[in-house]
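Please read the structure below before turning to the comments.
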Amino acid sequence: MIVVFGSLNVDVMIAVDHLPLPGETVLGPGYQLTAGGKGANQALAAARAGGAVTMIGCVGGDPLAETALTDLRAAGVDLSHLTTVADPTGLAAICVDKLGENHVVVASGANRQTKASQLSDSLLGPKTLLVLQMEVPLTENWAIIRRAKVKGTRVLLNVAPAAPIPTDVLPLVDWLIVNENEARQIAASLGNPIDDARTAAKFIAGASKTTVIVTLGAAGAAAYLKDGSDLSVGALKIQPVDTVGAGDSFVGGFAAAIDRGKDLAEALRYASVGGALACLHPGAQPSLPLQAAIEARLADLPA
Ligand code: RIB
């Protein structure tokens, strides 16, 4: 079973010719309202990839909550542990330019009320894979990781957006997933500023005694293990339309594969294909691929 502890948002997506510079106003032809939030995206990605998923988090009592939950509900994600709070549902303003580059600003709203106490002990244990990101109060993340580990729960932390991680929490994480910038930021927070993302990820793995996976865009992804070994996976050759949600698709696909008993190499291939397929359509949740779509492209990955 996969339990995702994290954020739920509604994304306001605006296509623009170019991303605004500081102080600049740019015009877009219209907007799309879609469900988002790194927690919800990863829960949906894991469910579409075949996982049994429970989502823990908060939404507001406003009409946007329904938008935030529609795709999760349709995919069969267990939403019975969500809490409705007085703050408004989280909202992300996302601009995407012609090249697929984006700017994202998140108004956290209800996500700021997410509490470790929402996750009951009955959902923790060796059969649970707990997936977290960094869009809810970090003290709640650290509290739940400490509690989860005592119960033997497997823990996957996607350090997005990056922030320092307490040194006692790092070794409790089984898989730490970062992008290139996040790898540099975490290495720097551990006192070792390193420019090269792979070197930074390797350093984090050694320092924290956990497996660190760094996503590398068109170059695929690499995993660094605590024993000093590493493995890499390539990426599908694609023409990206919009990379919003690609990292979440990678994490959700990885979680689904690990929870099905795949080994690290197989799970990385699964995640890499899932991440690439999410770049082919606009928006986060609308672009997350189904299990069959991922499996149909596994053979196309470079060796
Ligand atoms: O990772 C993409 C997500 O980041 C978006 O869906 C947005 O809501 C922000 O949380």
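Please treat every number below as a calculation from the coordinates, not as lab data. These numbers were taken from a predicted model, which means no experiment stands behind them. Counting neighbours? That spans all protein chains shown, and the Cβs are built from the backbone with ideal geometry, glycine included.
Can you give me the long-range amide H partners of Gly37? Hydrogens built in the peptide plane at 1.01 Å from N, cutoff under 5 Å, separation of 5 or more residues or another chain.
For Gly37, whose amide H was placed from the backbone, the distant partners under 5 Å are Asn9.
Taking the chain as a Gaussian network, where each spring joins two C-alpha atoms under 10 Å apart, which residue of Ala222, Ala68, Ala163 fluctuates the most?
Maximum fluctuation in the GNM of the chain, among the listed residues, is at Ala163.
What length, rounded to one decimal in nm, is gained on full extension from Leu99 through to Ala163, with 0.36 nm per residue of separation minus their alpha-carbon distance? Don't skip to the answer; put the middle values down first.
Numbers: separation 64, 0.36 × 64 = 23.04 nm, distance 2.80 nm.
Contour length minus Cα-Cα distance gives 20.2 nm.
Once you place label points 7 Å from the Cα toward the Cβ at Ala219 and Val150, how far apart are they in nm?
Label-label distance for Ala219 and Val150, simple model: 4.2 nm.
So which of Lys98/Lys202; Lys98/Lys226; Lys226/Lys262 end up more than 31 Å apart by C-alpha?
Details: Lys98/Lys202 34 Å; Lys98/Lys226 40 Å; Lys226/Lys262 19 Å.
Violating the 31 Å Cα-Cα cut-off are Lys98/Lys202; Lys98/Lys226.
Out of all DSSP beta bridges in the chain, what portion is antiparallel? Express it as a percent rounded to 5.
On the way: 19 of 49 bridges.
Approximately 40 percent, going by the DSSP bridge assignments.
In whole Hz, with x marking every Gly and Pro, tabulate ³J(HN,Hα) for the range 233-242 from phi via Karplus 6.51 cos²θ - 1.76 cosθ + 1.60, θ = phi - 60°.
For the range 233-242, the Karplus curve yields 9, x, 10, 5, 7, 9, 9, x, 9, 6 Hz.
Would you mind ranking Glu135, Glu140, Glu66 by Cβ crowding within 10 Å, fewest neighbours first?
Fewest-to-most Cβ neighbours within 10 Å comes out as Glu66, Glu140, Glu135.
For His281, which sequence-distant residues (separation of 5 or more, or a different chain) have an amide H within less than 5 Å of its own amide H, given hydrogens modelled in the peptide plane?
Correct list: Val241, Asp242.
Tell me whether the range 162-234 comes out rounded, prolate or oblate; compute the Cα gyration tensor, take square roots of the eigenvalues as a ≥ b ≥ c, and use a/c under 1.5 as the rounded threshold.
Values: a/c = 1.73, a/b = 1.27, b/c = 1.37.
Taking the square roots of the gyration eigenvalues as a ≥ b ≥ c, the range 162-234 is oblate.
R0 = 25 Å: FRET efficiency of Glu295 with Ala52, Cβ-based, nearest 0.05? Can you show the working numbers first?
Working: r = 18 Å, r/R0 = 0.71.
About 0.90, to the nearest 0.05.
Taking the chain as a Gaussian network, where each spring joins two C-alpha atoms under 10 Å apart, which residue of Thr89, Thr210, Thr25 fluctuates the most?
In the Gaussian network model the winner is Thr25.
Decide, for the range 63-222, between rounded, prolate and oblate: order the square roots of the alpha carbon gyration tensor eigenvalues as a ≥ b ≥ c, take rounded if a/c falls under 1.5, and otherwise choose prolate if a/b is larger than b/c, else oblate. Kindly include the intermediate steps, with their values, before the conclusion.
Values: a/c = 1.88, a/b = 1.18, b/c = 1.59.
Oblate, since a/c reaches 1.5 and b/c is not below a/b.
Please state the shape class of the range 241-295: rounded when a/c is under 1.5, otherwise prolate if a/b exceeds b/c and oblate if not, all from the C-alpha gyration tensor.
On the way: a/c = 2.32, a/b = 2.15, b/c = 1.08.
The shape class here is prolate.
If I take R0 = 35 Å and measure r between the Cβ atoms of Met1 and Asp195 in this structure, what FRET efficiency does the formula 1/(1 + (r/R0)^6) give, to the nearest 0.05? Walk me through the numbers before you get to the answer.
Working: r = 39 Å, r/R0 = 1.12.
For R0 = 35 Å, the calculated efficiency reads 0.35.
For the range 246-303, state which trypsin sites (Lys or Arg not before Pro) are in a DSSP loop and have at most 16 other beta carbons lying within 10 Å of their beta carbon. Walk me through the numbers on the way to the answer.
Numbers: sites: Arg260, Lys262, Arg269, Arg297; in loops: Arg260, Lys262.
Here the sparse-neighbourhood loop sites are Arg260, Lys262.
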